[in-house]
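Shown next, in structure tokens, is the structure this report addresses.
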Amino acid sequence: MTTTPSHYLPQQREVTTRGLRFWVETRGNPDGEPVLFIMGLGAQMTLWPEALLDAYADAGFRVIRFDNRDIGLSSHLKQHLSGHPMMMMARHRLGLSVDGPYSLHDMAGDVRDLMDALALEQAHLVGVSMGGMISQLAAARWPERVRSLALIMTSTNSPRLPLPQPRLVWKLAGVGAKGHDEASVVARSLAFWQAIQSPGYPTPAPDVRARLVADYRRSYHPAGILRQTRAILSTGSLTPWTRQIRVPAAIIHGRQDPLVRPVAAEQLKYLLPQARLELIEGLGHDLPVPLLARIADIGLAVASQSRTG
């Protein structure tokens, strides 16, 4: 019977860089090529499914996930936001400037700084939703640091792209949210996740609820979610940056995504003609267990392409 060396198992620690604290977990071969998993808006690193991370670790990679700034166990910032969320969304849609305490460029800088702190010369990036936007900026601004991209259910943040389904817009803005106790937050979050989950691969409600309860107890920081939302709006379209990306890339998107519409993936493919596009039937805006092996295979294939390309 073989056992996994202890230094291959998940290990967590705090990393400080440029005055911000990041909670980081590593697993897999410490000498393997590093892969950074970058999570989306308002989501802690715990949203990454273990099976997806282990698929990369089993393939010999050094797997790293972390809480973005203003979420989870990483630094919670204090800046106050001015302006109604719906008004800020409207300004973004009109292509007008939106003020924010930080932007996605700053969050891409967090990725670079974290790589510096971990002594990583290069890394593969796997980004989901907002994390995919951060990944695009990192690859465009520091191409020598990024080996490949797996862009999952993300976009260029262009105001010309279709809006999410109307029932989701108000939820994204946090309009009408009441109660910050565990029961209220879990009930509200469960309704949101059921609205965006994959219709072809629905996750049982008790499983979603258990995760939401665990995440609430780990960290609940709604002000950080609002600031991250403002970071997206204040950054504007990534299109000029996305055009500059030259590293191997995969674009993975659900045909039934109600939040980031599938046309966003088609636009990414247009801007990145060398990229592999996978539109998956039945996939919404989540990472359902039955599709994890397929998503991992796509990402691992593009990571391997970077070795030969």
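The values are calculated or read from the model by the stated rules, or taken from the named source; none is laboratory data. Bear in mind the structure is a predicted one, so any value in this text is a computation, not a measurement. Reconstructed Cβ throughout: ideal geometry from the backbone, glycine too, with neighbour counts over all protein chains shown. Note: accessible area is taken over every heavy atom of the protein model, side chains too, but ligands, DNA and RNA are not part of it. Shrake-Rupley method; radii C 1.70, N 1.55, O 1.52, S 1.80 Å.
Which one of these does Ala138 not meet: (1) in contact with a Lys or Arg (Cβ under 8 Å, 6 or more places away or on another chain); (2) open to solvent by 20 Å² or more (accessible area, probe 1.4 Å)? Evaluating Ala138 over (1) in contact with a Lys or Arg (Cβ under 8 Å, 6 or more places away or on another chain); (2) open to solvent by 20 Å² or more (accessible area, probe 1.4 Å) leaves (2) as the failure.
In the set (1) touching a helix residue (DSSP H, G or I) at 6+ places or on another chain (Cβ under 8 Å); (2) open to solvent by 20 Å² or more (accessible area, probe 1.4 Å), Glu14 fails one condition alone, (1).
In segment 144-244, counting only helices (runs of 4 or more DSSP H) that sit wholly within it, the ones holding 2 or more residues that are open to solvent by 70 Å² or more (accessible area, probe 1.4 Å) and not acidic (Asp, Glu) span 166-173, 182-196, 205-218, 239-242.
Among the residues of segment 258-267, those identified as over 15 Å from the mean Cα position of the chain (by Cα) and either outside any helix (DSSP H, G or I) or charged (D, E, K, R) (or both) are Pro258, Arg261, Pro262, Glu266. Where residues in segment 280-309 are touching a Phe, Trp or Tyr at 6+ places or on another chain (Cβ under 9 Å) and assigned to a helix (DSSP H, G or I), which of them is most open to solvent (accessible area, probe 1.4 Å)? The selected residue is Val289. Given the structure, is His7 in a loop (DSSP other than H, G, I, E, B) and surrounded by fewer than 20 Cβ atoms within 10 Å (Cβ to Cβ)? No; evaluated as a whole, the condition is false for this residue.
The residues of segment 23-68 that are surrounded by fewer than 20 Cβ atoms within 10 Å (Cβ to Cβ) and touching a residue at least 60 places away in the same chain (Cβ under 8 Å), listed by number, are Leu41, Thr46, Leu47, Pro49, Ala51, Ala55, Ala59.
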